[in-house]
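Each remark here refers to the structure printed beneath this line.
Values in this text are rule-based calculations from the coordinates and carry no lab data. Nothing here was measured: the structure is a model prediction, and the numbers come from that model. All Cβ positions, glycine included, derive from the backbone under ideal geometry; neighbour counts span all protein chains shown.
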Amino acid sequence: MSHNTWIHRTVRVAVRPLAATPVTPNQITTLRLAVGIAAGLALAQGSDFWRYIGAGLFLLSMLLDRADGELARQSGKTSPWGHTYDLVSDTLSNALAFFGLGVGLRDGAYGDWAPVMGFAAGLAIAGILWLVMKMEALHGARAGELGGFAGFDPDDALLVLPLLVWLGQSEGLLVAASLGAPAFAVFMLALFWRRLSGTRQS
């Protein structure tokens, strides 16, 4: 992931005053995880009101996800453990958001299939981030990242969650995520497979 996306540039200004304070990147990561879990719980409640709240919390968790890295770079408080903690928090927050969305839509058009669809999307997202961590463990930091374009990263695609929820398109989002996330996970596996298998053989 690039560190110069539009979201990073926005967060960078807000984080700058924290660089000289005792606030640590890991503390922001912990806050991001807590907000991400809250987002998943809110999305799971089933009412439009709580879905809108959950979407807002998820957007806040995305901003906090960028903020911890920005603070780490500005303050010099980077660490391998902190990077891993950040990726694990990303995995849990993103996966729980889609699982929560599915649970919250269980009384909609897809009935009992909605939680299954949400779980499939969340599991695929977790799988993608596991692949990234595996690549980094084998080939170093940022080895599993994809390049961005026009100030956006592939990870920024998650911005569609709050946007579509607020536009009343939660069920369409669930369908797209349950199909698109596993497809992207397969793409990522194919992309990394040669490097992963090459490492095992060497």
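Using only side-chain charges placed at the Cβ, +1 for Lys and Arg and -1 for Asp and Glu, the dipole size of region 6-201 relative to its Cα centre rounds to 600 debye. Both radii come from the Cα set of region 6-201: Rg as radius of gyration, Rh as Kirkwood radius; their ratio Rg/Rh reads 0.99. Hey, in the GNM for the chain with a 10 angstrom Cα cutoff, which one of 60, 105, 123 fluctuates hardest? Per the Cα network of the chain with a 10 Å cutoff, 60 tops the list.
Rounded to the nearest Hz, the phi-derived 3J(HN,Hα) couplings of region 33-44 under the Karplus curve 6.51 cos²θ - 1.76 cosθ + 1.60 (θ = phi - 60°) are 5, 4, 5, x, 5, 4, 4, x, 5, 5, 5, 7, where x marks glycine and proline. Per-residue extension of 0.36 nm, minus the Cα-Cα distance of residue 133 and residue 179, leaves a gain of 14.3 nm for this segment. Couplings for region 163-177, taken from phi via the Karplus curve 6.51 cos²θ - 1.76 cosθ + 1.60 with θ = phi - 60°, read 4, 6, 4, 5, 8, x, 10, 4, 5, x, 4, 4, 4, 4, 5 Hz in order; Gly and Pro are left as x.
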